[in-house]
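Scroll down for the structure; my scribbles are underneath it.
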Amino acid sequence: MPPEQRTRIEVRGLDAYYGESHVLQGVDLTVHAGEITAILGRNGAGKTTLLRAIMGTVVTRKGVVLIDGRRVDHLSAYKIARLGVGYVPEERGIFSSLSVQENLLLPPVLKAGGMSVDEIYRLFPNLRERSRSQGTKLSGGEQQMLATARVLRTGADIVLLDEPTEGLAPVIVDQIEGALHELKRRAFTVVLVEQNLTFALEVADRYLVMDEGRVVDFFDRVDAAAKIESITQYLSL
Ligand SMILES: Nc1ncnc2c1ncn2[C@@H]1O[C@H](COP(=O)(O)OP(=O)(O)O)[C@@H](O)[C@H]1O
Ligand SMILES: [Mg+2]
């Protein structure tokens, strides 16, 4: 099978709950190797919950999740991470009391092939300039770069990014876009939760649109232009 058709993440009939609240309802998703898949939908649609359910950090989930053909829906988040799945949460999660360089030296190696600190600095030149700065001193964009870089250090080659451009200035969004193109060039598989449609349309190969915990559309890049009006409706309040 050509590498671009290989499936890395397969989600079938996925349900997720927070207590009594039935948040994901029968979600299906196929993520192809080396592609960027965008998950779109308004606030509360269930995008973050879907990432958490793939990663195994939602307490209650039902349905099937396969990573590289292996069932993981019964595995703990730690074991899923060891299959090469990295998660950059919306709140970014860096050690704010440590410097950029220290943050880059600490992540565990979960799989061989993680990026060296030097490769990270080539991918995110801002981080090289700020290598001795403490986490608390970083801008939102630098925090996003650092959080992503930490995941890339672990050897993860499937990267789940939750709203990486949220709150960032356009010039920084462009840098994040450049980094995503580079990850794609290096055959990383990326799942990108986004509310910034313009950004998603620049980078993604495939699009999943969610509303109220369900999938309402799933299409390829070639069909995206024709879908803009309908997506915009799902993104508006
Ligand atoms: N920890 C939680 N406990 C209870 N309900 C939650 C929790 N996190 C999210 N929810 C609810 O689940 C739904 C989906 O949330 P979420 O996945 O965060 O949506 P999105 O990322 O698309 O904005 C929302 O109704 C939200 O209020
Ligand atoms: Mg969210």
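Going through the range 54-86 one residue at a time, which ones are without any contact (Cβ under 8 Å) to a residue 40 or more places away in the chain and either within 16 Å of ligand 2 (Cβ to nearest atom) or open to solvent by 50 Å² or more (accessible area, probe 1.4 Å) (or both)?
Passing the criteria: THR57, ARG70, ARG71, HIS74, SER76, TYR78, LYS79, ARG82.
Looking at (1) part of a loop (DSSP other than H, G, I, E, B); (2) touching a helix residue (DSSP H, G or I) at 6+ places or on another chain (Cβ under 6 Å); (3) not polar (S, T, N, Q), which is the only condition LEU160 fails?
All conditions are met except number (1).
What are the pairs, 6+ residues apart or on separate chains, where a residue within the range 22-39 that is on the phi > 0 side of the Ramachandran plot and crowded, with 17+ Cβ neighbours inside 10 Å has its Cβ under 8 Å from a residue that is modelled with pLDDT of 95 or more and part of a strand (DSSP E or B)?
Listed by first residue and then by second, the contacts come to GLY34/THR189.
The rows are residues; the columns are (1) in a strand (DSSP E or B); (2) more than 16 Å from ligand 1 (Cβ to nearest atom); (3) more than 30 Å from GLN134 (Cβ to Cβ).
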position	(1), (2), (3)
LEU24	yes, no, yes
TYR78	no, yes, no
GLY86	yes, yes, no
GLY93	no, no, no
LEU104	no, yes, no
PRO108	no, yes, no
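Consider PRO89 carefully, then state whether it is in contact with a helix residue (DSSP H, G or I) (Cβ under 9 Å, 6 or more places away or on another chain), in contact (Cβ under 8 Å) with a residue 40 or more places away in the chain and open to solvent by 70 Å² or more (accessible area, probe 1.4 Å).
No, not satisfied.
Residue-wise test of (1) open to solvent by 20 Å² or more (accessible area, probe 1.4 Å); (2) in a helix (DSSP H, G or I); (3) within 16 Å of ligand 2 (Cβ to nearest atom); (4) touching an Asp or Glu at 6+ places or on another chain (Cβ under 8 Å).
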site	(1), (2), (3), (4)
THR136	yes, yes, no, no
GLY141	no, yes, no, no
ALA156	no, no, no, no
ASP174	yes, yes, no, no
LEU201	yes, yes, no, no
TYR207	no, no, no, yes
VAL222	yes, yes, no, no
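What are the residues in the range 26-52 that are within 16 Å of ligand 2 (Cβ to nearest atom), within 14 Å of ALA204 (Cβ to Cβ) and not in a strand (DSSP E or B), if any?
Answer for the range 26-52, where residues must be within 16 Å of ligand 2 (Cβ to nearest atom), within 14 Å of ALA204 (Cβ to Cβ) and not in a strand (DSSP E or B): GLY41, LYS47.
Do any residues in the range 187-214 that are under 11 Å from ALA38 (Cβ atoms) and free of Cβ contacts under 8 Å to residues at least 60 places away in the same chain have Cβ atoms under 7 Å from those of residues that are within 16 Å of ligand 2 (Cβ to nearest atom) and not in a helix (DSSP H, G or I), where the two are at least six apart or on different chains, and which pairs are they?
The qualifying pairs are ASN196/THR165; PHE199/THR165.
What is the number of the single condition among (1) open to solvent by 30 Å² or more (accessible area, probe 1.4 Å); (2) touching a Pro at 6+ places or on another chain (Cβ under 8 Å) that TYR234 does not meet?
In the conditions (1) open to solvent by 30 Å² or more (accessible area, probe 1.4 Å); (2) touching a Pro at 6+ places or on another chain (Cβ under 8 Å), TYR234 misses (2) alone.
The values are calculated or read from the model by the stated rules, or taken from the named source; none is laboratory data. A quick note: this is a predicted structure, and the numbers were derived from the prediction, not measured. Heads up, the Cβs are rebuilt from the backbone with ideal geometry, glycines too, and the neighbour counts pull from every protein chain shown. SASA here: full protein model, heavy atoms, side chains in, ligands and nucleic acids out. Shrake-Rupley method; radii C 1.70, N 1.55, O 1.52, S 1.80 Å.
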